[in-house]
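Below is one structure; the comments refer to it alone.
The values are calculated or read from the model by the stated rules, or taken from the named source; none is laboratory data. This structure is a prediction, so every number in the text was calculated from the model and none was measured. Counting neighbours? That spans all protein chains shown, and the Cβs are built from the backbone with ideal geometry, glycine included. Calculation scope for accessible area: heavy atoms of the full protein, side chains included, ligands and nucleic acids excluded. Shrake-Rupley method; radii C 1.70, N 1.55, O 1.52, S 1.80 Å.
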Amino acid sequence: MILRSSERDDGAPYTEDEAKPVWKQLLGALECFHNHQVCHRDLKPENILVVRAEGATQDDVQLKIADFGLAADLDGVPDGRMTEAYGSPEYAAPEIGGPGGYGLEVDLWSLGVISFMMLTGVLPYESDDPGTLRRKVKNVSVEAVFNQTADLWELVSMEGQEFVKSLLAKDPIQRVPARDLLIARYLDPKPAP
């Protein structure tokens, strides 16, 4: 089964508590890739496989990241910066195709798009025209996107919103690395009542 990024089995967006185990697994995988200087470059729901035993809950799923056809090994790449424009447009970071190149941070942006969809059911940036989509990704601030979709965030905590915003920082240097997000208290499960 492929990860359903915008809805649970019942058609509703994920709650934060349902999304956190998914994020932890994906961040763990990204931390491993990035520690080995591997950039996936095409992280999207279609490339995240869900293995669920019969009767398993959302917390009991195992995720596997697939399709490494566009992945790059950054060992030996000058300054760890790539210049080729790869990835699915809806999930591609703003720096892809830019003059300064891009690095491992593009995978975090893609996870931010997936996280946005999981909690709201919509993409943060949308257009049927690829050029218009790229302009929106590069020029429309994350704050503006959150303001435009404010009604979809009403049930999401400020911590949850900040988590997603940290992944969708326009400046790749400002994106919080996977290893730091993994130890963030926000991702810890809530204690049982």
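In terms of accessible area, using a 1.4 Å probe and ignoring ligands and nucleic acids, 132, 120 rank largest first as 132, 120. Maximal additional length on extending the residue 85-residue 171 stretch stands at 29.2 nm, based on 0.36 nm per residue less the C-alpha distance. In the complete set of protein chains, residue-level accessible area for residue 52 is approximately 80 Å², probe 1.4 angstrom. Based on Cβ point charges of +1 for Lys and Arg and -1 for Asp and Glu, what charge dipole magnitude is obtained for the stretch 103-193 about its Cα centre, in debye rounded to the nearest 20? It comes to approximately 220 debye. Full extension of the chain segment joining residue 155 with residue 140 gains 3.0 nm, where the gain is 0.36 nm per residue of separation less the Cα-Cα distance. If you roll a 1.4 Å probe over the chain with all protein chains in place, what percent of the accessible area is carbon or sulfur? After summing per-atom areas, the C and S share lands at 52 percent.
Residues in the chain average 51 Å² of solvent-accessible surface per residue, probe 1.4 Å, ligands and nucleic acids excluded. Stretch residue 15-residue 62 to full length: gain in nm at 0.36 nm per residue minus the Cα-Cα span? Gain on extension, residue 15 to residue 62, equals 15.1 nm. Judged by the mean number of other Cβ atoms found within 10 Å, the most tightly packed of the peptides 105-118, 166-179 leads the ranking 105-118, 166-179.
Any idea what angle helix 158-167 forms with the longest principal axis of the chain, computed on alpha-carbon atoms, 0 to 90 degrees, nearest 10? The two axes meet at around 30 degrees. Roughly speaking, what is the centre-to-centre gap between the stretch 118-193 and the stretch 9-51 when only Cα atoms are used, to the nearest Å? Comparing the Cα centres of the stretch 118-193 and the stretch 9-51, I get a distance of 14 Å.
Overall, the anisotropy analysis places the stretch 80-132 in the oblate class: the square-rooted eigenvalues a ≥ b ≥ c of its C-alpha gyration tensor yield a/c not less than 1.5, with a/b not exceeding b/c. Candidate values (1) 16.7, 57; (2) 16.1, 52; (3) 16.8, 54 were compared with Rg and Dmax of the Cα atoms in Å computed on the shown model; the agreeing label is (2).
Compared with the dominant principal axis of the Cα atoms in the chain, helix 16-35 is inclined by about 30°.
Share of pairwise Cα-Cα distances greater than 24 Å in the stretch 31-134 is 29 percent (whole percent). Can you count the Lys pairs in the chain with C-alpha separation below 24 Å, eight or more apart or on different chains? Number of lysine pairs found: 20.
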